[in-house]
1. Amide H neighbours of Arg281 under 5 Å, at least 5 residues apart or on other chains, H built in the peptide plane: list them.
2. Here is the link list: Lys104/Lys283; Lys143/Lys186; Lys106/Lys289. Which ones come out longer than 22 Å on Cα distance?
3. Starting from one equal scatterer on each C-alpha and no solvent at all, send me the Debye-based log10 I(q)/I(0) for the chain at q = 0.11 Å⁻¹, two decimals.
4. Can you compute the modelled spin-label distance between Ile115 and Asp348, with each label point 7 Å from Cα toward Cβ, in nm?
5. Which far-off residues, 5 or more places away or on another chain, put their amide H under 5 Å from the one on Ala246, with H placed in the peptide plane?
6. Full extension from Gln250 to Ala288: what is 0.36 nm times the residue separation minus their Cα-Cα distance, to one decimal in nm?
7. For each of Val264, Val215, count neighbouring Cβ atoms within 10 Å of the residue's Cβ, then give the residues from fewest to most.
8. Between the alpha-carbon centers of the stretch 224-249 and the stretch 330-362, tell me the distance in whole angstrom.
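Bear in mind these aren't lab numbers, they're just calculated from the coordinates by the rules spelled out. Note that the structure is predicted; figures quoted are calculated from it, not measured. Quick reminder, even Gly has a Cβ in these numbers, built from the backbone with ideal geometry, and neighbours come from all protein chains shown.
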Amino acid sequence: MRVVAAMSGGVDSSVAAARALAAGHEVIGVHLALSQSPDAVRAGSRGCCSLEDSADARRVCDALGIPFYVWDFSDRFKADVIDNFVESYEIGETPNPCLRCNEKIKFEALLDRSIALGFDAVVTGHYAQLHDGVMRRGIDDNKDQSYVLGVLTDDQLAHCLFPVGDTWKPQIREEAAELGLGVASKPDSHDICFIPDGRTQAFLGTRIGMRPGIVKSVDGETLAEHDGVYGFTIGQRKGLGLPGPAADGQPRYVTDIDAATGTVTVGRKRDLRTGHITADRLKRLDPAKHGRHFDCEVQVRAHGGVVPATATLTGAASDGPEAAVELELHEPLQGVARGQAAVIYLPDEAGDILIGSGTISATVPWQDAGTGAEARTA
């Protein structure tokens, strides 16, 4: 096959490209230019958009003897990822920009251009396993990235290769060193690439501006004022602007955000427990494959807790605007926020199968407080 290897400049994408080449594919390397000011992205920020990363990607392609290109998707990235990130926080959601980047850039913009140019597939260094259209978690539990791929469609998956998902990360680094790729010891990406200094609230504040509101207790008592709901996320404990702990001495956490009224609600840790999730904007959740009512497991953060649940698909079609999934959790999850993805798996002896996802639009608290059930951290 003729394939495009997405080259971030990191060790995983580098080894993925090398493996695709060793498998006999015709490979070109493409670095995605996503920042409109790449020279302003701090070198060593552990993102994927700096000039340093582009140079690393070029050196890897030279070492492999494959062509190297830079494709500029910075306008698309701003519109579909950065602007979406800001808009989501503005309405009280907690988005995952890496997941949105996969959905809109790497497996839509990049894949569409690749197919248009006559290539058969896109190769990435994601830790996930894909065989005959069935996606499973990466074998390395600490690095599994199937969650951030839960937004892909069946058609997109038909044109994807994930060569490193069946390998543990230390082995990938060893392989990179043996191949002389020069990135074997490069740190993993952790920062939000377009906020390299890590000051998310400051980034949002300059784009949204002051929108004053109040912080109140779950009992309705006004505790403080704030400059904008974008400064809060569900489950947040620090930086709430409160004069002190609750009357019982226990810490307080953000339990709800109402952007329409500017109200941030705080409560006890137990008030964070969620028992029911509604998610819309469904991907791959097809009632023709799994029925409308089935048992599953659900994950709501990239490396968060996984709990068993019962799913009920609603609406006339799996991908229509009225379609949604109702997830009745068998164990409580803690700190579930609107805007996160609920990615759904079916347990299997060969490894959990990812069957689809939805974007969380509503939650219901865990009601059975008398059971003493421990909440998994979302």
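1. Thr359
2. On the way: Lys104/Lys283 13 Å; Lys143/Lys186 15 Å; Lys106/Lys289 27 Å.
Violating the 22 Å Cα-Cα cut-off are Lys106/Lys289.
3. The calculated log intensity ratios at q = 0.11 Å⁻¹ are -0.82.
4. Distance between the two pseudo-spin positions: 2.3 nm.
5. Result for Ala246 returns Arg252.
6. Working it through step by step, the gained length comes to 8.9 nm.
7. Values: Val264 27, Val215 22.
Arranged by neighbour count, lowest to highest, Val264, Val215 become Val215, Val264.
8. Between the Cα centre of the stretch 224-249 and that of the stretch 330-362, the gap is 28 Å.
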